[in-house]
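A short worksheet on the structure shown next.
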Amino acid sequence: MSESISLTINGQPVTVPAGTTLLKAAEQAGISIPTICYHDYCTANGLCRLCVVEVEGSRTLVASCVAKAAPNMQVQTHSERVLRARRTVLEMLEASVDLSEAPEIQAFSQELNADPQRFPDAEKRQPPVVDDNPMYVRDYAKCVLCWRCVQVCAEDAQYTFAINFTGRGFETQIGTFFEKPLPDTSCVFCGQCVGVCPTNALKPKRQWLMEQGYSTDEIMDMTRTERRRRKRAPLSAE
Amino acid sequence: MNEIDLTLLEPVLQTYGPQGRTALLPALHAAQDLYGYLPEPVAEAVARALHVPLADVHGVIEFYAMFYPQKVAQTVLHVCNDPACGMAGADALFKNLTSRVELNLDAPSGTSVTVERAPCLGLCEHAPALMVQGAQVAQADRRSYEDLVRGRLPRPRTLVGGDIAILTANCGKNRPTTLEEYTQSGGYSGLRRALQSSPAEIIAEVKASGLVGRGGAAFPTGLKWEGAANASGDPKYVVCNADEAEPGTFKDRVLMENDPHRILEGLLICAYAVGASYGYWYIRGEYTAQMEIVTHAVEEARQAGILGGSVLGSPFHFDMEIRRGAGAYICGEETALFESIEGKRGFPRIKPPFPTTHGLFGRPTVINNVETLANLPYILAHGAAQYRQMGTEKSPGPKLFCLSGDVVRPGLYEVPFGVTFDHLLNDLAGGVRGGELKAALFGGAAGAFATPQHLGVRLTFEDLRAAGLPLGSGVITVFNQHRDLRDVLLRLGHFFADESCGKCYPCQLGTQRQYEILQRVAAGSPLPEDVARLQDVGWTMTDASLCGLGQTAASAVLSAMRHWPELFVPAAQSAPQAQV
Ligand SMILES: Cc1cc2nc3c(=O)[nH]c(=O)nc-3n(C[C@H](O)[C@H](O)[C@H](O)COP(=O)(O)O)c2cc1C
Ligand code: SF4
Ligand code: SF4
Ligand code: FES
């Protein structure tokens, strides 16, 4: 295999090292492609399909975050077909998830003229907030299932394997073993999942309490006692 | 909650523990057989013994419809909810059974019953079908509630017909063909011939036969084998895909329950040709009777030296195991099936890389459909030239069609490629039942509708492609003019929303949005913009989904919108014929 690959993106010739994804190749050419699930430090899984592009000769659109550049490829990143798919994905997402704290996704929606009200009477995913530990809260009504938290908790970073999926299809959700509270799982409260969450579905507990109107002192008090209780628990169990 | 006796689980943990994560589904099946469901301490013990993270084990239990994390009734009746059974009165059956059930979880043994709706059980020629504790029941509306609950019922009979009997030569006895019978009728002579040739010669023969895959994607079999044979990586694997779950399909079930050795012989020929030393036969979880039959056949073959260290006395060694699915249509998709064998949720992988280079456990793998494999003994025993005497130039060989719905004689039909739809429907299957032909769904839930104008179409890959109809896995579900196709679409929409794995957004969200709109359509009250919505959702799923499930989840709906646009406008405005 040659060291560098030449292809055309939107009619513009681009040369990139072998193994480069179309997303990065486009970036190099100054073309920006919207993404939701992609994160530079997480395994790319091609989930959100917002990054899809048209590749000549391909029956379907391809996800540019995972598709590799190939010699003489002809790529369109903003064709009508591509925009229709991106817009519809965003409209369906708006109808399913609370994106109020995901400004980046909202910006994509505006750019693509996606109508957040496109799907009337659509079922939304609205599970209650899980507040089961002193470090962070989980509000899965805001979860877009980007998988980043699951991946950093597993092989992408921490190797703790505290969280995985429940349900499947539209009913998929992030969850623990038999929905146990996080302190009863292998979670080490490293906070990596909170750091990679793109929608504030995972939020530091103190930030969350502040938003609820508690003062800093009250918050320190609340979370401190919670931590102490946690520490004592194994002893009193003996 | 009652105390869970974990000592019962010891033998299971001893058997499966050393195998690690790949044994997760078998271990969970075995555990559930013991406890009736998978209580938390049991799941935890399995996780520890197999060294799988707890959260992952829970994720797997949650993914597969046949694993229960909560206590269920002792007897569960699964009533098929898909088109063929729907037309045969599945809704009335469901209501009737539900009204008979008094759910009482803590009642003594044998008295708690629940009724659940199930996706297509692969018994479409026996509609309305149901499953009770793994036993398949034909024409369930004719059985008494007592017989159903006690499971005292005859096994469904095999209904086969057609112009030729190559693949179905040994089908119709209503019992499996034994190894002795199979061998006496010339069985395993294809394998013998193969073992005397070089793998390259076999691949050349298969290529010359023009055989293409019967699992739905119609990929040339010889080419696939060549890819895996040339790939580097050790060991290599072969997999028989018997996860048959496309609504309307039952051909693989019929082949397995009648003639398991033909499929096994095909798998062995494949393994020898690509240099694989180990294989898997992945059977959908609902096919328990077929699983037993295949297990017995594999054991017969192992006893007879057809499997093992020296296949039929040759230096070639090959062994295999049977895996049971657990209720997930998506696991028929080849890479999701690999994930399932590896003990994971059935999420399809991104392609490329392809299975021939990076398949099961990351090794070169050939995966073929049951019917594809069943063609090989004939090709090897009689040669590609004779095989090509059947069918057309571009679609050589025999083909199985699964006919169900409004047809006089539903069943499995074997014909050479090239007969017309008219011949299959009217000459062989006795014509439409209950009225005139209105439509036929080709290719199952993932398919498209044919209309009476397609009666003259020849059933070949090339003719069907030209007519815009998929051959898929050979499903033809027939509808007479009295049927409300909106009800059919609703069932298909429900099927896909239920079976989407949830990995990629277009399908995870699109199957749900599509189902919501189809509910309005079926009720005769779609919203003004619903046609445009269905089209955007449909094309986005088709164009942008990660795998074949999402890419075909709107196929039937889009095809119905082309043929019968009047079905998608509010009832008051729709044309008279749509109001039946
Ligand atoms: C959602 C989905 C379900 C599938 N189900 C099956 C199945 O049940 N059996 C099967 O043989 N192939 C199924 N396939 C096709 C397989 O991915 C694969 O193409 C096939 O097993 C290859 O075998 P063949 O070349 O012999 O056809 C399915 C594909 C998709 C996308
Ligand atoms: S909780 Fe956040 S990081 Fe995790 S899948 Fe949902 S959106 Fe992604
Ligand atoms: S298309 Fe559907 S089934 Fe396939 S990966 Fe996407 S969500 Fe899963
Ligand atoms: S960024 Fe490529 S699929 Fe999400």
key: Within the stretch B:211-253, considering residues that are assigned to a helix (DSSP H, G or I) and open to solvent by less than 10 Å² (accessible area, probe 1.4 Å), the one nearest to ligand 4 (Cβ to nearest atom)   = B:Ala228
key: All helices (runs of 4 or more DSSP H) inside the stretch B:458-565 with 1 or more residues being modelled with pLDDT of 95 or more, of a type in the set (Lys, Arg) and over 24 Å from the mean Cα position of the chain (by Cα)   = B:485-499, B:505-522, B:530-544, B:555-563
ask   = Is one or more of the residues making up the stretch B:321-328 within 12 Å of ligand 1 (Cβ to nearest atom) and in contact with a helix residue (DSSP H, G or I) (Cβ under 9 Å, 6 or more places away or on another chain)?
value = yes
query = Which numbered condition trips up B:Ile4, out of (1) out of contact with any Ser or Thr (no Cβ under 7 Å at 6 or more places or on another chain); (2) in a helix (DSSP H, G or I); (3) within 27 Å of A:Leu182 (Cα to Cα); (4) open to solvent by 20 Å² or more (accessible area, probe 1.4 Å)?
reply = (2)
inquiry  = Of the residues B:Thr22, B:Thr98, B:Thr111, only one is modelled with pLDDT under 95, open to solvent by 20 Å² or more (accessible area, probe 1.4 Å) and outside any loop (DSSP other than H, G, I, E, B); which?
reply    = B:Thr98
ask   = Since A:Gln12 meets every condition but one in (1) more than 13 Å from chain B (Cβ to nearest Cβ); (2) under 21 Å from B:Cys507 (Cβ atoms), which condition does it not meet?
value = (2)
ask   = Which residues, counting only those in the stretch B:301-323, are at positive phi and open to solvent by less than 20 Å² (accessible area, probe 1.4 Å)?
value = B:Gly308
ask   = Do we have any residue at all in the stretch A:70-78 that's within 14 Å of chain B (Cβ to nearest Cβ) and either within 16 Å of ligand 3 (Cβ to nearest atom) or aromatic (Phe, Trp, Tyr) (or both)?
value = no
remark   = Flagged in the stretch B:452-480 as of a type in the set (D, E, K, R) and open to solvent by less than 50 Å² (accessible area, probe 1.4 Å), in numbering order, are B:Glu462, B:Asp463
remark   = Out of (1) open to solvent by less than 10 Å² (accessible area, probe 1.4 Å); (2) without any contact (Cβ under 8 Å) to a residue 40 or more places away in the chain, the one B:Leu424 does not meet is (2)
message = Among the residues of the stretch B:189-210, what is the count of those that are assigned to a loop (DSSP other than H, G, I, E, B) and surrounded by 23 or more Cβ atoms within 10 Å (Cβ to Cβ)?
response = 0
ask   = How about the stretch B:285-298: which of its residues are within 16 Å of ligand 1 (Cβ to nearest atom) and open to solvent by less than 10 Å² (accessible area, probe 1.4 Å)?
value = B:Gly285, B:Tyr287, B:Gln290, B:Val294
request  = Only residues that are of a type outside the set (S, T, N, Q), at the interface with chain A (Cβ under 10 Å from one of its Cβ atoms), in contact (Cβ under 8 Å) with a residue 40 or more places away in the chain and away from ligand 4 (no atom under 16 Å from the Cβ): list them for the stretch B:499-547, please.
outcome  = B:Glu499
inquiry  = Pull out all pairs, ordered by first then second residue, where Cβ-Cβ is under 7 Å, the residues are six or more apart or on different chains, the first lies in the stretch A:96-112 and is more than 23 Å from B:Thr511 (Cβ to Cβ), and the second is of a type in the set (Lys, Arg).
reply    = A:Glu101/A:Lys142
Every pair of residues 6+ apart whose Cβ atoms lie under 6 Å, when the first sits in the stretch A:145-160 and is more than 21 Å from A:Glu171 (Cβ to Cβ) while the second is outside any loop (DSSP other than H, G, I, E, B) and within 15 Å of ligand 4 (Cβ to nearest atom) = A:Val152/A:Val196
key: Test result for A:Asp184, over 30 Å from B:Gly493 (Cα atoms), of a type in the set (Asp, Glu), over 20 Å from the mean Cα position of the chain (by Cα) and within 13 Å of another protein chain (Cβ to nearest Cβ)   = yes
key: Number of the condition not met by B:Gln389 [criteria: (1) assigned to a loop (DSSP other than H, G, I, E, B); (2) touching a residue at least 24 places away in the same chain (Cβ under 8 Å)]   = (2)
task = Look through A:Arg125, A:Arg206, A:Arg148, A:Arg138 and report the one residue that is within 11 Å of chain B (Cβ to nearest Cβ) and on the phi < 0 side of the Ramachandran plot.
result = A:Arg125
remark   = Of the conditions (1) aliphatic (A, V, I, L, M); (2) more than 30 Å from B:Phe63 (Cα to Cα); (3) part of a loop (DSSP other than H, G, I, E, B), the single one that B:Ala326 does not satisfy is (2)
query = Out of (1) open to solvent by 10 Å² or more (accessible area, probe 1.4 Å); (2) touching a residue at least 60 places away in the same chain (Cβ under 8 Å); (3) touching a strand residue (DSSP E or B) at 6+ places or on another chain (Cβ under 8 Å), what's the single condition that is false for B:Tyr278?
reply = (2)
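Residue by residue, here is whether (1) modelled with pLDDT under 95; (2) within 13 Å of chain A (Cβ to nearest Cβ); (3) touching a Cys at 6+ places or on another chain (Cβ under 6 Å) holds:
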position: B:Glu3; (1), (2), (3): yes, no, no
position: B:Leu9; (1), (2), (3): no, no, no
position: B:Gln32; (1), (2), (3): no, no, no
position: B:Ala43; (1), (2), (3): no, yes, no
position: B:Arg48; (1), (2), (3): no, yes, no
position: B:Phe67; (1), (2), (3): no, yes, no
position: B:Val72; (1), (2), (3): yes, no, no
position: B:Val76; (1), (2), (3): yes, no, no
position: B:Asn81; (1), (2), (3): yes, no, no
message = Scan the stretch B:36-47 and tell me whether some residue there is among the hydroxyl-bearing types (Ser, Thr, Tyr) and open to solvent by 10 Å² or more (accessible area, probe 1.4 Å).
response = yes
inquiry  = Here is a check on your reading of the model: is B:Ala522 farther than 16 Å from A:Glu123 by Cβ, outside the structural domain of B:Glu333 (by TED's automatic domain parsing) and open to solvent by less than 10 Å² (accessible area, probe 1.4 Å)?
reply    = no
key: Residues of the stretch A:35-53 classified as surrounded by fewer than 20 Cβ atoms within 10 Å (Cβ to Cβ) and either touching a Leu at 6+ places or on another chain (Cβ under 8 Å) or of a type in the set (Asp, Glu) (or both), total   = 1
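The values are calculated or read from the model by the stated rules, or taken from the named source; none is laboratory data. Fair warning: this is a prediction, and the values are worked out from it, not measured in the lab. Neighbour counts run over all protein chains shown; Cβ positions are idealised from the backbone, glycine included. Side chains are part of the model used for accessible areas, which takes the heavy atoms of the whole protein and leaves out ligands, DNA and RNA. Shrake-Rupley method; radii C 1.70, N 1.55, O 1.52, S 1.80 Å.
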